[in-house]
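Chemist: Have a look at this one.
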Amino acid sequence: MTETDTAEKVRQLAPHWGVMFVVMFVVLAIAERVVGSLSFLPSMLLVFLVAFGYPVVVRALGVAPPVWERS
């Protein structure tokens, strides 16, 4: 992998990382508003659900970056 390959991957993924970060905060805020304060484990569960679910949803919507396309 060259430096150009790495820079291209980061360029493709940066917007998705930003959106995923915002979605995580929104999901946590909604969960805390609905059920009250969350402990560490439920919070981490929600974060992992978003982290692993986001790429699946993005692929299903057809807006995944080429780096995430399955070969």
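None of the figures in this text is laboratory data; all of them are computed from the coordinates on show. Quick caveat: nothing in here was measured; it's all calculated off a predicted structure. A quick note on method: Cβ atoms are made from the backbone with ideal geometry, for glycine too, and the neighbour counts reach across all protein chains shown.
Chemist: Hey, got a sec? Which trypsin sites (Lys or Arg not before Pro) in the chain land in a DSSP loop and have at most 10 other Cβ atoms within 10 Å? Don't skip to the answer; put the middle values down first.
Modeler: On the way: sites: LYS9, ARG11, ARG33, ARG59, ARG70; in loops: ARG70.
Here the trypsin sites (Lys or Arg not before Pro) that fit, given the DSSP loop and packing criteria, are ARG70.
Chemist: Note the full-extension length gain between VAL22 and LEU61 as 0.36 nm times their separation in residues minus their Cα-Cα distance, in nm to one decimal. Display every interim value, and only then the final one.
Modeler: Working: separation 39, 0.36 × 39 = 14.04 nm, distance 1.84 nm.
Roughly 12.2 nm would be gained on extension.
Chemist: Another question, then. Which Cα, out of PHE48, VAL10, PRO66, lies furthest along the positive dipole direction of the chain (beta carbon charges, K/R +1, D/E -1)?
Modeler: Of PHE48, VAL10, PRO66, it is PHE48.
Chemist: With viscosity set to 1.002 mPa s at 20 °C, what whole-number translational diffusion coefficient in µm²/s follows for the chain from Stokes-Einstein and a Kirkwood radius over Cα pairs? Display every interim value, and only then the final one.
Modeler: Values: Rh = 13.7 Å.
Translational D for this selection: 156 µm²/s.
Chemist: If I fit a long axis through the Cα atoms of helix 40-61 and take the longest principal axis of the Cα atoms of the chain, what angle between them do I get, 0 to 90°, rounded to 10?
Modeler: It works out to around 40 degrees.
Chemist: Now for a separate question. Return the calculated 222 nm mean residue ellipticity for the chain, to the nearest 500 deg cm²/dmol, obtained by summing -39500 (n - 2.57) across DSSP H runs with n ≥ 4 and dividing by the residue count. Show your work: numbers first, answer last.
Modeler: Numbers: 2 runs with 55 residues, N = 71.
Rounded to the nearest 500, it is -27500 deg cm²/dmol.
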